[in-house]
Amino acid sequence: MGAVRRPGAYVCGIDAAMDVIGGRWKVLILWALDERPYRFGELRRQVPGVTEKVLTSHLRELEQDGIVHREVYDEVPPRVEYSLTPRGVALNEALAPLGAWGRENVFPGAEADAAPS
């Protein structure tokens, strides 16, 4: 289960959800992980513009919130993969209508290029 960042401070469900996905890159990280599990470097390439520091920070927060799973494989060299938890999949499903709205109203023409999100 995820850590509650502002216990008792939420005024509605959207406020609570935005506390989890707030930040410039978190939704893009979720979108990328919806495709498949990624190693850190692969994920960084899927989210152009994000710095290593910010990606690390956001992945840690999403892991604490129970949205992202971090799998460490006992190999040499070490291998770490990030994937969505069932909670993360449900969050992406909840964000899909927002993505559809953005494609329809803000980013016309993207429907043909975009996978369902």
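How many residues are surrounded by 15 or more Cβ atoms within 10 Å (Cβ to Cβ) and either without any contact (Cβ under 8 Å) to a residue 24 or more places away in the chain or closer than 17 Å to THR85 by Cβ (or both) if we restrict to the stretch 20-36?
11
For VAL54, indicate whether it is under 22 Å from ALA17 (Cβ atoms) and open to solvent by less than 70 Å² (accessible area, probe 1.4 Å).
Taking the combined requirement at face value, the residue satisfies it.
Do we have LYS53 as closer than 24 Å to PRO97 by Cα and either aromatic (Phe, Trp, Tyr) or free of Cβ contacts under 8 Å to residues at least 40 places away in the same chain (or both) here?
Against the criterion (closer than 24 Å to PRO97 by Cα and either aromatic (Phe, Trp, Tyr) or free of Cβ contacts under 8 Å to residues at least 40 places away in the same chain (or both)), LYS53 does not qualify.
Of all residues in the stretch 81-111, how many are in contact (Cβ under 8 Å) with a residue 40 or more places away in the chain and exposed (fewer than 13 other Cβ atoms within 10 Å of the Cβ)?
Residues flagged as in contact (Cβ under 8 Å) with a residue 40 or more places away in the chain and exposed (fewer than 13 other Cβ atoms within 10 Å of the Cβ) within the stretch 81-111 amount to 1.
The values are calculated or read from the model by the stated rules, or taken from the named source; none is laboratory data. Note that this is a predicted model, so its numbers are computed, not measured. Backbone-built Cβ (ideal geometry, glycine too); neighbour counts: all protein chains shown. Protein only, heavy atoms only, side chains kept; ligands, DNA and RNA dropped before computing areas. Shrake-Rupley method; radii C 1.70, N 1.55, O 1.52, S 1.80 Å.
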